[in-house]
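The structure under discussion appears below in the form of structure tokens.
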Amino acid sequence: MKILIVFYSTYGHVYEMAKAVAQGAKQIPGAEVDIRQVPETLSADILEKMGAVAAKKAFSHVTVCTVDELTQADAVIFGTPTRFGNMCGQMRQFLDATGQLWANGSLIGKVGSVFVSTATQHGGQESTILSFHTTLLHHGFVVVGLPYAFQGQMRIDEITGGSPYGASTIAGGDGARMPSENDLEGARFQGKHVAQIAAKLAN
């Protein structure tokens, strides 16, 4: 059973969440878990001006995903930062290149799930995941979220991400806040939950 985690990250927040998702998925016997990043569309000059070059070095070793890899997975868990309440442009461009997969029905019946990062608590965490689901449904994915069995999403004693739609984290306006342990635990839970469902469907 192959679990593919596909992410885009600018400053490393989504990458940290992706690693936690992978940790959770690996808890299921027989799960083969791979992490991939989508192609960067910004120039080196722009990334330098954004102060993102140093942060991106931390995951520069992660292989860039091809659309054909999606067809080889039993489940795909996507991670994206929010851009105006939607997925980032890099992820959108990657998914826009999957038209032939859609035409062939290549992704029908696979498990799909989404996790996100935003700058603020109410900066589009839920709308980003829900709008992402539209693309997954057009491809025929079986969409999976983060059930309330993960009760960490109900905490009110600290700033925290997480909703029934998927795991999430809050980076802060300056990007200084990295995922909390509760955010990461939600990501682990989601990875394990998706892998469990993929295993059931495989049987």
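For the range 33-63, enumerate the residues that are among the acidic types (Asp, Glu) and either in a helix (DSSP H, G or I) or closer than 23 Å to Gly173 by Cα (or both).
Glu40, Asp45, Glu48
Output the qualifying pairs, or none if there are none: Cβ atoms under 8 angstrom, residues six or more apart or on different chains, first residue in the range 1-25 and acidic (Asp, Glu), second residue surrounded by fewer than 24 Cβ atoms within 10 Å (Cβ to Cβ) and in a helix (DSSP H, G or I).
Close Cβ pairs (under 8 Å, with a partner that is surrounded by fewer than 24 Cβ atoms within 10 Å (Cβ to Cβ) and in a helix (DSSP H, G or I)) amount to Glu16/Leu184.
Do you know which residues across the range 68-80 are buried (at least 18 other Cβ atoms within 10 Å of the Cβ) and either in a helix (DSSP H, G or I) or at positive phi (or both)?
Leu70
Looking for whichever is touching a Ser or Thr at 6+ places or on another chain (Cβ under 9 Å) and over 26 Å from Ala54 (Cα atoms) here; the options are Gly105, Gly186. Which one fits?
Gly186
Considering the range 6-38 alone, what residues qualify as being more than 10 Å from Arg188 (Cβ to Cβ), touching a Pro at 6+ places or on another chain (Cβ under 8 Å), buried (at least 23 other Cβ atoms within 10 Å of the Cβ) and not hydroxyl-bearing (Ser, Thr, Tyr)?
Passing the criteria: His13, Val14.
Mind checking whether some residue in the range 186-197 is touching a residue at least 12 places away in the same chain (Cβ under 8 Å) and assigned to a loop (DSSP other than H, G, I, E, B)?
no
Do the conditions hold for Glu158, that is, is it among the acidic types (Asp, Glu) and outside any helix (DSSP H, G or I)?
yes
Are there any pairs, at least 6 apart or on different chains, whose C-beta atoms fall under 7 Å, with the first in the range 91-104 and over 11 Å from Thr135 (Cβ atoms) and the second outside any helix (DSSP H, G or I) and of a type outside the set (S, T, N, Q), and if so, which?
Taking only residues 6 or more apart or on different chains, the pairs are Leu101/Leu107.
Here is a list: Gly105, Gly140, Gly172, Gly191. Which entry is out of contact with any Cys (no Cβ under 9 Å at 6 or more places or on another chain) and buried (at least 18 other Cβ atoms within 10 Å of the Cβ)?
Unique residue meeting the criteria: Gly191.
Values in this text are rule-based calculations from the coordinates and carry no lab data. The structure presented is a predicted model; accordingly, all values stated were derived computationally and were not measured. Cβ coordinates were reconstructed from backbone atoms using ideal geometry, including for glycine residues, and neighbour counts include every protein chain displayed.
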